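Engineer: Have a look at this one.
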Amino acid sequence: MSSGHFQWRTVQVSEWLFCLSILSTCFPIKVYPIVFLVSSIISIWETKSKTFPTWALFLTIFSAYALISFGFHYGGQSAMIANLAKLLINFLFLFSAANWISQRDNSRLLQLINWTLHLLFVLVFIQLLVYHQALNFRLLAGSSSSGQASMLYSANLFFWGLDDKNMFGARIALLGFIYILIPVIQLNRIKCWRIIAIFILAYLSLSRTPIVALLLGCGYLLWASSTKKYRIIILVLLIAISPFILDKVIRIDQLTASNDGMGVRLVYWKAFYEHFLTISPWGNGFMSAPSFLSKYADFYHGEPHIHNTFMTTYLELGIIGFLSYLLFLVYFIKKCYQQSPKPHWWIACFLPLIAIMCILYSGYDNDLVIYLLLLSLFSMLGKIDFGQIKIGI
């Protein structure tokens with residue numbers, strides 16, 4: 001739907017709230033749970049036919065088991081209450097909004113989301129510019145370590161996004177990939193300027209997470225929609241820029257260092273596998289990762305999870321939590337595929353998410369929930385034909 005024919009007076013309150021929910025995750029004051037709750041209530045009220053898909057059943061089992069685990073292990077920690085509230089609110093938002101999306105015409109909503117992301121990424125650019133200006137732009141050529149890259153994120157200068165390098169980078173990657181995919185849904189066209197813009201923001205964030213996730217998603221998307229000639233060009237370009245990416249962006253020579261983010265992950269994962277048998281099959285308890293890591297990891301820097309959604313889920317919630325969460329994801333993906341059975345499309349869509357889940361999320365983060373909702377939206381609108389996708393500026 002072109003902006004020239006867009007009728008602002010027809011926009012519904014629920015649509016404004018959904019877009020505000022996306023923006024609210026970037027506010028410096030954590031008001032997004034309130035926005036999520038209000039949006040959920042309005043979505044439920046507007047949805048005439050209530051459905052309960054299979055993925056929602058497993059999500060309910062996971063949430064209920066997390067609540068039970070919290071009850072058994074709560075010892076007065078405020079962080080546990082905050083994280084349980086985040087889990088319950090985020091998953092309520094996911095369920096209610098997915099139901100709402102599945103029973104309406106979403107073409108106007110997609111246009112609103114497109115403009116919302118325009119605004120969101122302009123503010124991301126300004127935030128990163130402010131950070132870099134404070135350091136006299138000396139990190140524009142890349143950082144030598146994770147510690148140096150983290151220096152960019154000054155709490156005094158923070159006003160948009162997230163003040164954590166890796167989480168901010170993950171948000172740029174996930175919402176950025178959605179931003180790249182919108183023209184594919186609307187126009188059956190890949191707009192390269194969007195890819196370039198998002199990669200620039202990912203690079204400026206000094207986080208490796210978005211670069212890797214975007215390379216996977218964009219690489220597969222371009223490869224699947226290209227002819228043999230363009231695949232050769234893509235391959236040559238990747239080979240040409242790989243030395244710079246490996247040295248300045250991935251910082252491959254630092255990957256196993258104890259002060260490097262990836263080195264920390266390797267230590268935590270090693271502790272998980274070496275002490276797997278000490279983990280109760282029922283789980284060690286909601287938010288038990290810190291105590292596990294402080295006891296078994298060679299060193300521990302205070303993170304609330306193991307930097308891997310699936311390991312964290314098994315550690316905290318055992319077999320029941322792990323299987324219910326995994327089945328929730330499987331059936332959610334299956335539902336999307338049934339709505340729009342295009343395997344290349346869904347591989348491209350889920351590659352960045354799975355990659356980030358394997359190195360970062362706790363599993364109930366707002367970024368993950370919004371990304372899944374937007375993929376659900378795509379499944380209702382997208383009739384993708386990779387043979388007809390045009391690649392342009």
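Engineer: If 367, 385 are ordered by their accessible area, calculated over protein heavy atoms with a 1.4 Å probe, which sequence runs from highest to lowest? Mind showing how you got there, number by number?
Structural biologist: Numbers: 367 10, 385 75 Å².
Largest to smallest exposure gives the sequence 385, 367.
Engineer: Order these peptides, 185-195, 327-337, by their mean beta-carbon neighbour count within 10 angstrom, highest first. All intermediate terms of the calculation are to be shown ahead of the outcome.
Structural biologist: Values: 185-195: 16.7, 327-337: 18.6.
The densest-packed peptide leads the list: 327-337, 185-195.
Engineer: Determine, for each peptide in 14-21, 273-280, 50-57, 30-37, the mean count of other beta carbons within 10 angstrom over its residues, then list the peptides with the highest first. Please list the in-between numbers first.
Structural biologist: Numbers: 14-21: 20.4, 273-280: 10.9, 50-57: 14.5, 30-37: 17.0.
Those peptides, ordered most packed to least, come out 14-21, 30-37, 50-57, 273-280.
Engineer: Now, a different point. Nearest 500 deg cm²/dmol is fine: what mean residue ellipticity at 222 nm does the chain get from its DSSP H runs of n ≥ 4 alone, each adding -39,500 (n - 2.57), divided by its residue count? Mind showing how you got there, number by number?
Structural biologist: Details: 15 runs with 258 residues, N = 393.
Roughly -22000 deg cm²/dmol at 222 nm, from the helical runs in the chain.
Engineer: Per residue, how much space in cubic angstrom lies within the convex hull of the C-alpha atoms of segment 128-234?
Structural biologist: On the way: hull volume 11.5 nm³, N = 107.
Measuring per residue, one finds 107 Å³ for the Cα hull of segment 128-234.
Engineer: Separate question: Using square roots of five times the C-alpha gyration tensor eigenvalues, list the equivalent-ellipsoid semi-axes of segment 298-393 in whole Å, biggest first. Before the final figure, lay out each step's value.
Structural biologist: Values: eigenvalues 186, 51, 21 Å².
That gives 30, 16, 10 Å for the three semi-axes.
Engineer: A further question follows. At 7 Å along the Cα-to-beta-carbon direction for both residue 301 and residue 30, put a label point, then send me their distance in nm to one decimal.
Structural biologist: Spacing of the two 7 Å Cα→Cβ label points: 2.0 nm.
Engineer: Also, I was wondering about something else. Name the helices (complete DSSP H segments) of the chain with a Cα length along the long axis of 27 Å or more and a Kyte-Doolittle mean of at least -1.0, or state none. Intermediate values should be presented prior to the final figure.
Structural biologist: Values: long enough: 54-73 (29 Å, 1.41); 78-101 (34 Å, 1.45); 107-134 (41 Å, 1.24); 165-187 (33 Å, 1.47); 309-339 (34 Å, 0.93).
Helices passing the filter in the chain: 54-73, 78-101, 107-134, 165-187, 309-339.
Engineer: Between residue 190 and residues 5 or more places away or on another chain, which pairs have amide H atoms under 5 Å apart, with H built 1.01 Å from N, and which residues are they?
Structural biologist: 390, 391, 392
The values are calculated or read from the model by the stated rules, or taken from the named source; none is laboratory data. Quick caveat, the model's predicted, so the values are computed rather than measured. Neighbour counts run over all protein chains shown; Cβ positions are idealised from the backbone, glycine included. Each accessible area value is taken on the protein alone, full model and side chains, heavy atoms only, with ligands, DNA and RNA left out. Shrake-Rupley method; radii C 1.70, N 1.55, O 1.52, S 1.80 Å.
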